[in-house]
């Protein structure tokens with residue numbers, strides 16, 4: 001109980017509160033990073049052709065995804081077969097097949113958010 005009271009007193013003295021997932025000052029003199037940034041791009045949007053980064057043809061990407069053994073419409077890649085044979089070739093996963101088709105994979109942190117203000121321009125749906 002003493003530790004809890006000391007922690008609360010520390011926040012009061014420092015003038016910080018916990019609000020919407022982050023700590024912010026009690027009295028704000030400048031904007032904080034606690035604003036809503038929107039929705040992350042789904043994982044499938046991270047597969048991009050290097051020459052058309054951010055403008056990859058999504059229909060072609062879906063066709064390639066399905067031809068690699070993925071399921072159409074599975075935007076968050078819930079179905080992920082591993083160690084399988086397709087058209088006489090052995091693949092350790094869908095990523096390997098997509099890389100062989102010329103795609104690169106950008107993780108969500110590099111894609112940014114779908115909100116235009118926070119979109120890095122590297123990914124598209």
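Every number in this text was worked out from the coordinates using simple rules, so none of it is lab data. No experiment lies behind these values; they were computed from the predicted model shown. Every residue, glycine among them, receives a Cβ derived from its backbone with ideal geometry; neighbour counts consider all protein chains shown.
Going by C-beta contacts inside 10 Å, put 4, 41 in order with the fewest on the left.
On the way: 4 8, 41 22.
Neighbour counts put them in this order, fewest first: 4, 41.
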Using a 10 Å cut-off around each Cβ, can you sort 94, 40 from fewest to most neighbouring Cβ atoms? 40, 94
Principal axis dimensions, segment 41-125 - Cα atoms, whole angstrom, descending: 44, 26, 20
Exposure proxy ranking, count of Cβ atoms within 10 Å, fewest first, for 113, 118: 118, 113
